[in-house]
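The structure under discussion appears below in the form of structure tokens.
Every number here is computed from the coordinates shown, using simple stated rules; none is lab data. Everything numeric in this text was worked out from a predicted model, so none of it was measured. Using ideal geometry, Cβ is built from the backbone for each residue, glycine included, and neighbour counts are taken over all protein chains shown.
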């Protein structure tokens, strides 16, 4: 669930000499992306949910709990198995994929099959790490270009400086 706000235009009215106004249009080229983090849940299943999960997985499995990882999927198993995965994934992916965790006793399941969460979470974490690395490289690239060329002011910035110098 990522939201995106692309190039925004900002109109600024700046007071100048003796009540005159100067209108300038600035383009904000920065793209705002909000990554909405997911929640991880350790769920105690009801008797009805246990029956539905066993119908999908087989009666020989001792299913009592589930781990639900937001949009990434869910996994059914025993209390001990689910506690192990829940505590590991909660700790490992806290910074990158999950912002909240909870142990709950009621959860509405849409389906009762298990996903390969180990593989899914590893891929999702790799994708988040690659995005962080790309942002860091772009930042380093901008910093190196600024260092090479110096900070040259454009026409609008020079005009603002000139206007500010008259107000002093």
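Annotations
- Residue in segment 61-76 that is surrounded by fewer than 13 Cβ atoms within 10 Å (Cβ to Cβ), within 17 Å of the chain's Cα centre (by Cα) and assigned to a helix (DSSP H, G or I) present: yes
- From the list 145, 152, 135, 110, the one residue that fits, being outside any helix (DSSP H, G or I), over 30 Å from residue 41 (Cα atoms) and out of contact with any strand residue (DSSP E or B) (no Cβ under 7 Å at 6 or more places or on another chain), is 152.
- Only listed residue being closer than 21 Å to residue 67 by Cβ, touching a residue at least 24 places away in the same chain (Cβ under 8 Å) and within 15 Å of the chain's Cα centre (by Cα), chosen from 101, 114, 105, 96: 96
- Scanning segment 77-91 for residues that are outside any strand (DSSP E or B) and either in contact (Cβ under 8 Å) with a residue 24 or more places away in the chain or within 20 Å of residue 46 (Cβ to Cβ) (or both) gives 78, 79, 80, 81, 82, 83, 85, 86, 89, 90.
- Here residue 125 meets the list (1) in contact (Cβ under 8 Å) with a residue 24 or more places away in the chain; (2) exposed (fewer than 11 other Cβ atoms within 10 Å of the Cβ) almost entirely, failing just condition (2).
- Filter result for residue 50 (part of a helix (DSSP H, G or I), touching a residue at least 12 places away in the same chain (Cβ under 8 Å) and touching a helix residue (DSSP H, G or I) at 6+ places or on another chain (Cβ under 7 Å)): no
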